[in-house]
Amino acid sequence: MRNLPRIFAAVTFSVFSVSSLAAASGLYKVSATLSHAGKTFAAPSVVVSAGQPASIEVSGADGYKITLTVTDVAVDKIQVVAQVNSAHGSMHPTVVVHPNQPATVSVGNLQLGLSASRRGG
């Protein structure tokens, strides 16, 4: 039992170090999939800086604009605020994802799939 405080301190430091490393690099790779009525019309990927909005815009019949703002919530959670405007509709979801685990949100026939991961500095 005498070593318990030392073990706790080591675990706390390790978790803090992982969070600090991700925050220090401040980069995330976000992959998105846009679908309408079950048919995918876009699948962009982008590397974004923490807390800084990044946009992807494509014109044409299936044109769209996605603006993403990404921040850390916890070691195992990343928040993605998305604003989607497309020829098929619009949405403004906030999604909390686990790194490298896809999440999906739908509004009517418009569906947005997201996956985010931390990037090393």
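Read-outs throughout are calculated quantities, based only on the coordinates presented, and are distinct from any laboratory measurement. These numbers were taken from a predicted model, which means no experiment stands behind them. Using ideal geometry, Cβ is built from the backbone for each residue, glycine included, and neighbour counts are taken over all protein chains shown.
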Exercise. Which of the aspartates and glutamates could a cross-linker bridge to K29, judged by Cα under 14 Å and excluding same-chain residues fewer than eight apart?
Worked result: D72
For this session: Apply the Karplus parameterisation 6.51 cos²θ - 1.76 cosθ + 1.60, with θ equal to phi minus 60°, to every residue of the range 76-89 and state each ³J(HN,Hα) to the nearest whole Hz, in sequence, with x for glycine and proline.
Result: 10, 9, 10, 9, 10, 9, 10, 10, 10, 10, 9, 5, 9, x
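In a shell of Cβ-Cβ distance under 9 Å around P99, excluding P99 itself, what net charge do Lys and Arg (+1) and Asp and Glu (-1) give?
Details: positive: K77, R118; negative: D76.
That sum, taken over residues with Cβ under 9 Å, equals +1.
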For this session: Over the alpha-carbon set of the range 27-79, work out the extent along each principal axis and list the three values in angstrom, largest first.
Result: 38, 21, 11
For this session: Note the full-extension length gain between A103 and S90 as 0.36 nm times their separation in residues minus their Cα-Cα distance, in nm to one decimal.
Result: 2.9 nm
